[in-house]
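Please treat every number below as a calculation from the coordinates, not as lab data. Remember, it's a predicted structure, so these values are computed and weren't measured experimentally. Positions of Cβ are generated from backbone atoms using ideal geometry, with glycine treated the same way; all protein chains shown enter the neighbour counts.
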Amino acid sequence: MAQLTRPDTRSRTADGDQMAVASFVLGLLGLLIFNLVLGPGAILLGAAALLRRTGRRGRALLGIALGVADLVVLAVVTAGSHGTIWQLGT
């Protein structure tokens, strides 16, 4: 009979650590480019890292904060330009 195996907790933690770092990097890049895509990505990866009990909890929380900041920057820029982000021609 086949045995049911539980996922190795070390590999889950390592995955969580990588997600925390990716969340931080995406959040940082999102402040510069593609904040509509990278901001939510940073938030989701940071939350997933916390659910996997990462050893880099601070980095995951910082990734979530940067992801939220990405969306705030997008909202401010959009409101400041009266709803147009790009302007074609003059």
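Just a few scattered comments:
- Reference-scaled alpha-carbon Rg (2.2 N^0.38 Å with N residues) for segment 11-80: 1.08
- The residue list 20, 71, 30 was ranked by how far each Cα lies along the charge dipole of segment 11-80 toward its positive end, using unit charges on Cβ atoms, and 20 comes out on top.
- Between residue 55 and 17, the built amide H atoms are under 5 Å apart, and every one of these is 5 or more places off in sequence or on another chain.
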